[in-house]
Structure formats: structure tokens, C-alpha cells
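Following: one structure in C-alpha cells, then a few remarks.
A short reminder: the numbers here are calculations on the coordinates, not readings from a lab. On a predicted model such as this, the values are computed, not experimentally measured, just so you know. Cβ: placed from backbone, ideal geometry, glycine included. Neighbour counts: every protein chain shown.
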Amino acid sequence: MATLKTAQEAHRPELLPLADERIDVALIFDALIDATSMMEVYKSKVNDSVLDQAWLLPTLQQKEALASSALEGTQATLDGILVDQVKPDNKNNDIIEIRNYALAAAFGYRYLSREKFNSDFILDIHKRLMSGSVRRSTNEIGIFRTQQNYVGKTKEHEITYTPPVYKDVPKLVDNLIAYISEPKDNLRYLVRTAIIHAQFETIHPFMDGNGRVGRILIPLYLYYSKQINMPCFFISEALERDKIKYYALLNNIRNKGQWSEWIRFFLETVTTQCKKYINIVTEINALYDKHLKEACTLVRNSQMISLIRLLYKYPIINAATVAKETDIPPASVNRYLSLLVNAGILYSNNKSRNRTYFYYDLLNIIRD
């Protein structure tokens with residue numbers, strides 16, 4: 001067992017892979033079976049969706065960006081993020097921070113489609129997350145920390161965790177990258193994902209932004225290891241709901257060596273989120289079928305199909321976005337949008353300029 005220590009001592013993480021005795025297979029077995037089964041169901045549901053995965057990804061990505069940032073205290077709403085997609089707010093740091101998260105995740109997907117995990121990749125993710133001076137607590141952006149940092153060090157709270165000394169960060173990250181690239185154990189990928197996330201958070205390689213980088217790495221690793229076809233599986237929403245337990249179990253790894261308890265919690269979280277996503281995708285597919293049929297009775301051409309599909313990327317939309325993202329002639333855009341409003345598919349704020357349209361049936365599905 002790990003030696004108990006005070007929170008002020010710099011932690012010395014064990015290197016990966018973990019020794020076999022560190023994981024109680026019996027304790028995680030049932031959770032692993034459930035999580036693996038539900039992940040396969042979710043993958044099949046996404047693969048068979050009437051909407052291409054590239055259309056589902058941005059919608060789920062926005063929810064993930066919001067939930068992951070909420071864990072760090074960012075204040076925003078899903079509607080606010082979706083409005084920002086069509087009318088950017090460059091003065092609201094919370095919105096910019098969430099926008100950065102989505103952009104960093106998209107960059108990660110593109111990068112890992114052709115390259116391997118490495119330290120520079122993790123630094124680039126951090127740089128994109130922290131761009132625009134969204135966090136004024138540090139100027140160390142896109143570099144590993146050069147000083148000691150702490151978790152829980154505020155005026156109101158005492159230190160709950162002291163990460164490794166900064167001089168050890170590069171070699172610890174190298175060990176993590178080696179484990180990601182060529183694991184030397186026989187564990188299932190979902191178990192490895194739990195270990196990778198916990199190890200990254202334990203290393204805490206940056207002065208700020210560690211939680212968000214660590215949570216982005218979850219879908220990116222699952223994609224990289226070919227467990228999902230696109231990085232469209234996110235669990236920050238479930239972690240945010242159980243955040244006290246989430247942080248406590250991470251600390252229990254460091255203070256008590258309780259890896260099995262953390263892994264079981266992570267797997268149970270995967271199962272919970274898979275079930276939720278399966279329901280979301282099922283409802284989205286049904287909504288798409290229903291409204292596509294209705295819309296095609298109004299205008300029977302490929303342009304209307306393009307517009308309906310676009311609503312699943314931009315549930316809050318304006319005419320300028322439609323004109324930019326589709327081949328619909330500008331003169332026809334407003335007419336098509338008005339037809340959808342009259343049909344009760346879209347709702348408009350009725351402004352004379354910069355009119356915005358809301359796809360509430362979809363918003364109600366993804367808000368839950």
C-alpha cells in the first residue's frame with residue numbers, strides 16, 4: 001500500500017504499467033462487463049444513426065465542453081454556447097473558455113487521425129485550451145509547469161493534493177506517453193483509459209487546465225486505440241454530477257493506493273453515460289426522420305435536406321450561417337427558414353436584423 005503522507009508533501013506517482021497486484025480484478029469485473037457491453041451498444045447506435053457521426057459529434061462536443069468547464073467553475077449555459085456558434089461573444093471569458101475546449105478536442109481528433117500521441121501533442125492541446133488569456137492565474141501556456149502547484153490552495157480551502165515536483169514532470173509524462181503508445185499489460189482498453197486519466201491528473205503537468213486536458217484525453221485515447229470510430233464519447237457530464245466522489249477517489253489513489261475503487265467508479269460512469277447517449281441518439285434519430293419528412297413536404301429538394309441536417313450541428317442558427325454552410329442560394333435561405341417556422345419546426349426571435357432561429361425539439365433532447 002502507498003505510504004500515507006500529508007497533503008503538503010509533493011507526491012511521487014508510481015510509474016506505468018501498474019503492478020498486477022495493484023488492481024483487484026474481482027472488484028472491477030462486473031463494472032467492466034457492463035461498461036464494455038454498453039459501449040458496444042452505443043458504438044452500434046452511433047454507427048447506424050441516420051445522421052452521419054460528423055453531424056452528431058459537434059452537438060455532443062458542446063455538451064462535453066460545458067460539463068468539463070463546469071467542473072472548473074466556469075459559468076455558462078448550453079444555449080449560450082450554441083448562440084456563440086453563430087454570434088460569437090469575444091468578451092465573455094467563460095464562453096471563450098468553452099469554445100477553446102471544443103476547438104482543442106477537434107484539433108486532437110484531426111491530429112490523431114494521422115499522428116501518434118506525444119508530449120508536443122499534449123502541449124498543443126493545452127495551448128488551444130488556454131488561448132485568449134481565459135485564465136489569468138498563469139502565463140505558462142503550452143508548456144509544462146516550471147514551479148510547484150497545488151490542488152485546493154485557495155483562501156477558503158486548504159491544500160488537498162500536492163502534485164509531483166516540476167522537475168519530474170517531463171519524465172512522468174514520457175512514461176505516460178509510453179504507456180499510451182505501447183502498454184505492457186493485459187488490461188482492457190476501458191481500464192487503461194481510467195488509469196491514463198488518473199495518472200495525468202496525478203502528474204498535474206500544467207499550472208492550470210489539467211482537468212480539462214485530462215478529460216479531453218478520454219475520448220481521444222478511445223479513438224486512438226480504435227475503441228470508437230470518432231471521439232464522440234464524453235463523460236464530464238457524469239463526472240460533474242458526482243464531482244465530490246470523482247475528486248475523492250483520485251485522491252485515494254494518491255494517498256491510499258486505491259486504484260481498483262477508482263477504476264470501478266470510472267467504469268460505472270462510462271456505463272451511465274453510454275445509456276444516456278444511447279437514449280439521446282435514439283431520440284435524435286426519431287426527430288430527424290420526423291422533421292425531414294415534414295420539411296420535404298414543404299420543399300422537395302436536396303437544399304431542404306441540407307438545411308435540416310445543418311440544424312443538428314447548429315440547433316440555434318441564423319441565415320448567415322445557413323448561407324455559409326450550405327449551397328442554398330442566399331435569396332432562398334430566409335424563405336426556407338420561414339417555411340420551417342410556419343411548420344412549427346423552428347422558432348424565431350422575430351428581430352428585424354440578425355434574426356435567430358431555435359430548434360427547440362432538439363434543444364430539449366440535448367439539454368437533459
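Things worth noting here:
- Kirkwood hydrodynamic radius (C-alpha pairs) into Stokes-Einstein, the stretch 99-149, 20 °C and 1.002 mPa s, D in µm²/s: 183 µm²/s
- Contact order normalised by residue count of the chain, Cα under 8 Å, 6+ apart, percent: 25 percent
- For the stretch 41-51, 3J(HN,Hα) per residue [Karplus equation, 6.51 cos²θ - 1.76 cosθ + 1.60, θ = phi - 60°, Hz, x = Gly/Pro]: 4, 4, 4, 5, 4, 5, 4, 8, 4, 5, 9
- The chain - charge dipole about Cα centre, Lys and Arg +1 at Cβ, Asp and Glu -1, debye rounded to 20: 920 debye
- Each peptide in 69-75, 309-315 gets a packing score, the mean of other Cβ atoms within 10 Å over its residues, and the list from highest to lowest is 309-315, 69-75.
- 5 angstrom amide H check on Tyr161, placed H, neighbours 5+ away: Val151
- Residue-averaged [θ]222 nm for the chain, counting only DSSP H segments that reach four residues, each worth -39500 (n - 2.57): -19500 deg cm²/dmol
- In this structure the amide hydrogen of Thr356, modeled in the peptide plane, comes within under 5 Å of the amide hydrogens of Asn349, Asn350, Lys351, none closer than 5 places in sequence on its chain.
- Take the Cα of Asp48, step 7 Å toward its Cβ, do the same at Leu363, and the gap between the two points is 3.2 nm.
- Most mobile listed residue (Gly132, Gly152, Gly211) in the chain, GNM with C-alpha springs under 10 Å: Gly152
- When peptides 248-254, 23-29, 109-115 are sorted by average Cβ neighbour count within 10 Å, with the highest value leading, the order is 248-254, 23-29, 109-115.
- With 27 Å as the limit on Cα-Cα distance, the pairs of Lys91/Lys351; Lys226/Lys324; Lys171/Lys243; Lys167/Lys245; Lys171/Lys276; Lys45/Lys245 that go past it are Lys226/Lys324; Lys171/Lys243; Lys167/Lys245; Lys171/Lys276; Lys45/Lys245.
- Legend: calculated FRET efficiency, Asn279 to Arg300, from the Cβ-Cβ distance at R0 = 25 Å, rounded to 0.05, equals 0.20.
- The stretch 73-173: C-alpha gyration tensor shape, a/c 1.5 cut-off, then a/b vs b/c: oblate
- Between Thr146 and Ala248, the modelled label-to-label distance comes to 3.9 nm, taking each label 7 Å out from Cα in the direction of the beta carbon.
- Values of log10 I(q)/I(0), in the order q = 0.14, 0.16, 0.24 Å⁻¹, for the stretch 270-368 under a Debye, Cα-only, solvent-free model: -0.53, -0.67, -1.32
- Between Gln147, Gln62, Gln273, the residue with the greatest mean-square fluctuation in the GNM of the chain (Cα pairs under 10 Å linked by springs) is Gln147.
- Most mobile of Val151, Val281, Val169 in a GNM of the chain (Cα contacts under 10 Å): Val151
- Site pair Lys91 and Ala320 shows an inter-label distance of 1.6 nm when each label is modelled 7 Å from Cα along Cα→Cβ.
- Long-range tail of P(r) for the stretch 152-270 (Cα pairs > 19 Å, %): 48 percent
- Span from the the stretch 150-211 Cα centroid across to the the stretch 28-57 one, whole angstrom: 27 Å
- Couplings 3J(HN,Hα) of the stretch 10-25, computed from phi: 5, 6, 10, x, 6, 7, 9, x, 6, 5, 3, 6, 6, 10, 8, 4 Hz, in residue order, whole Hz [Karplus 6.51 cos²θ - 1.76 cosθ + 1.60, θ = phi - 60°; x for Gly and Pro].
- Cα shape, the stretch 1-109, gyration tensor, a/c 1.5 rule: oblate
- More than 30 angstrom apart: percent of Cα pairs within the stretch 26-278: 23 percent
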